[in-house]
Every structure is written in C-alpha cells, then in structure tokens.
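Inspection log for the structure reproduced underneath, given as structure tokens.
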Amino acid sequence: IKLNFKESVLRKGEVNLRYKAPGLLSSKASVTRIYHNKTDYTAMNNLLAKFTSYILSNRYLKSIREEKGGTYHVGVISFLSRNPAPTASVEIAFDTDPVLVDELLNVVQEDIQNLVTYGPTENEISEIKLYLEKRFQDRKKNISWNNIISNALQNEPFFDLEELSLLDKINIQNVHQFAKSIFQTNNKMTFVFEPQ
C-alpha cells in the first residue's frame with residue numbers, strides 16, 4: 001500500500017454537513033462551526049484572534065446559555081496556522097438538544113453579525129486586557145523552554161514572548177477590523193452530529 005501525504009484544506013464558501021447517527025446512546029447533538037480567512041502569521045494577529053474568541057465566548061455565555069438555556073458551555077477557540085497558507089480560524093462548538101440546533105446556530109450568527117457591525121465594547125477590551133496581562137505575567141515567570149526549543153526546531157515563532165508587549169496596542173478598532181476580516185468572507189463550515 002502506498003500512502004500519499006495530503007495537506008488539509010479549509011474549504012472556501014459555505015459547507016454544511018449534518019449526520020444523523022443510528023444507535024447513538026447520547027440524546028444530544030454536537031455542533032461545530034468554523035470561520036476562516038487568510039491572514040498574516042504574526043504575534044499581533046494571534047493576539048487579535050484571542051480577543052475575538054474571548055469576546056464571542058462571553059457573549060455566547062449570555063445569549064446561548066443564560067437567555068436561551070440551550071447548552072451548558074459554548075467553546076470558542078481561535079488559532080493561526082502557518083501551512084499550507086497563513087490562515088486565521090475561529091471555531092465555535094457546543095452540545096445541545098437536537099431540536100434547538102438551528103435556533104442556536106442562528107444565535108451564533110447573530111452575535112457574530114453584531115460584532116462585525118458594531119465591534120467590541122470598550123469594557124470588553126479592558127476586561128480581556130486585564131485578564132490576559134495577569135496570565136502573561138504568570139506565564140513569563142514560568143516560561144516553557146520545551147515549547148521554545150520545539151518551536152525553534154520547527155522554524156516556528158514563539159508568540160508567547162511577544163504578546164505581553166503587544167497588549168497596549170490592542171484597541172476597539174483593530175479587534176473590530178480583525179473580526180470583519182474573518183467573518184465577512186462567508187468561509188463558514190458547519191458540522192452537526194446528532195442521534196437519528
């Protein structure tokens with residue numbers, strides 16, 4: 001058997017996959033939505049991606065968990081990948097009752113549209129800065145040399161060392177612009193796995 005390596009590819013445009021699994025023991029549906037776009041692979045963009053995910057995570061806590069009672073937790077992660085092309089991705093994932101899937105996906109999109117239209121608030125930026133400043137100070141005291149060496153061997157930059165010095169440069173405008181660059185492309189993949 002000959003195996004050929006193939007780079008993973010993020011599909012452009014809208015992708016929807018909904019699978020109804022027979023004989024599934026869980027009664028919940030698992031939902032994942034990924035937005036992505038090409039971006040420069042820099043420490044600043046990595047930090048802007050973190051702010052975007054923290055803002056959305058806090059907003060979903062209110063809209064999906066508290067107001068809709070749709071799920072206990074909405075996970076929002078953002079990350080930059082270097083290969084095959086520098087790309088920023090934001091992934092939103094949660095479990096819920098299958099009858100609520102479409103309604104909650106609409107809420108996911110509404111909160112994103114609000115962020116794209118109006119941007120973050122000054123309060124959101126300030127709270128995240130305070131939180132990250134403490135985290136970065138703690139991390140500075142406990143630098144992971146294994147990660148630094150591993151990144152160096154793979155010719156990957158170690159963004160962690162730069163992020164504390166970049167915090168002061170974060171503002172409403174550059175977070176808003178970054179969010180628009182990700183969410184206005186219509187590169188959106190939605191995966192729903194639910195019981196039959």
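Before moving on, here are some points about what is shown:
- Result for the chain in a Gaussian network model with C-alpha springs under 10 Å: among SER181, SER27, SER81, the largest mean-square fluctuation is at SER27.
- Residues HIS36, HIS176, sorted by accessible area with the largest first, give HIS176, HIS36 [1.4 Å probe; ligands and nucleic acids excluded].
- Taking amide hydrogens as placed 1.01 Å from N in the peptide plane, the amide H of ASN187 sits under 5 Å from those of GLY13, HIS36, each at least 5 positions away in sequence or on another chain.
- Helix 122-141 axis, angle to the chain major axis (alpha carbon atoms, nearest 10°): 60 degrees
- Only Cα pairs under 8 Å and 6+ residues apart enter the sum, and on that basis the relative contact order of the chain stands at 43 percent.
- Take every Cα pair under 8 Å whose residues are at least 6 apart in sequence, average their separation, divide by the length of the stretch 1-112, and the relative contact order is 33 percent.
- Within the listed set ASP111, ASP40, ASP168, the residue fluctuating most in the Gaussian network model of the chain (springs between alpha-carbon atoms under 10 angstrom) is ASP168.
- Heavy-atom surface analysis with a 1.4 Å probe gives the stretch 1-132 a carbon and sulfur content of 52 percent of its accessible area.
- Exposed chymotrypsin sites (Phe, Trp or Tyr not before Pro) absent: longest stretch of the chain, with sites in DSSP loops and at most 12 other Cβ within 10 Å deemed exposed: 73-196
- Accessible solvent surface per residue of the chain, calculated while the other protein chains remain in place, 1.4 angstrom probe, Å²: 60 Å²
- Restraint check, LYS28/LYS68; LYS28/LYS129; LYS28/LYS62; LYS62/LYS188, Cα-Cα greater than 28 Å: LYS28/LYS129
- With loop membership from DSSP and a limit of 10 other Cβ atoms within 10 Å, the longest segment of the chain without trypsin sites (Lys or Arg not before Pro) is 7-196.
- Point-to-point label distance, ASN16-ASN106, nm (Cα→Cβ direction, 7 Å offset): 1.3 nm
- Dipole magnitude for the chain: about 540 debye, using +1 per Lys or Arg Cβ and -1 per Asp or Glu Cβ, origin at the Cα centre.
The values are calculated or read from the model by the stated rules, or taken from the named source; none is laboratory data. Only a predicted model underlies this, so the values are computations on that prediction, with no experimental measurement involved. All Cβ positions, glycine included, derive from the backbone under ideal geometry; neighbour counts span all protein chains shown. Ligands, DNA and RNA are stripped out before the accessible areas are found, and what is left, the full protein with its side chains, is counted by its heavy atoms. Shrake-Rupley method; radii C 1.70, N 1.55, O 1.52, S 1.80 Å.
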